[in-house]
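Only one structure is covered here, and it is reproduced in the block below.
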Amino acid sequence: MRKLLFILTIVISIFTTSCQKKCDCNQSWDSSVTYVKNDLVSYNGKCWKAVDQGRGIEPGPWLQNGNDIWEECNN
């Protein structure tokens, strides 16, 4: 019984982790929207993930041009 629980725990953690890493950017970035942590947007052909809350911050390289909200999502 313990082995079964152990295996089940591993399987669940694998599926949970893989879902969190998926970059599914169906929404285009909109400067008038307030984004919150983990929101995903498409901008300039790339997928971006919000790491904090913000509005009007253009997705781009981290800590450049005022960007402290977005990181490129590569998974």
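Some points to look at:
- Restricting attention to the range 38-75 and to residues that are in contact with a strand residue (DSSP E or B) (Cβ under 6 Å, 6 or more places away or on another chain) and either in a loop (DSSP other than H, G, I, E, B) or of a type in the set (Ser, Thr, Tyr) (or both), the residue that is surrounded by the most Cβ atoms within 10 Å (Cβ to Cβ) turns out to be Ile69.
- Sub-7 Å Cβ pairs linking a first residue in the range 51-69 that is at negative phi to a second residue that is aromatic (Phe, Trp, Tyr) and part of a loop (DSSP other than H, G, I, E, B), at least 6 apart or interchain, are Pro59/Trp29, ordered by first then second residue.
- Which numbered condition Ser13 fails, given (1) under 14 Å from the mean Cα position of the chain (by Cα); (2) modelled with pLDDT under 95; (3) small (Gly, Ala, Ser): (1)
- Just one of the numbered conditions (1) assigned to a loop (DSSP other than H, G, I, E, B); (2) open to solvent by less than 50 Å² (accessible area, probe 1.4 Å); (3) modelled with pLDDT of 90 or more is not true of Cys23: (3).
The values are calculated or read from the model by the stated rules, or taken from the named source; none is laboratory data. Worth saying up front: this structure is predicted, and the values here are computed from it rather than measured. We place every Cβ from the backbone using ideal geometry, glycine too, and count neighbours over all the protein chains shown. These accessible areas exclude ligands, DNA and RNA; they are computed on the full protein's heavy atoms, side chains included. Shrake-Rupley method; radii C 1.70, N 1.55, O 1.52, S 1.80 Å.
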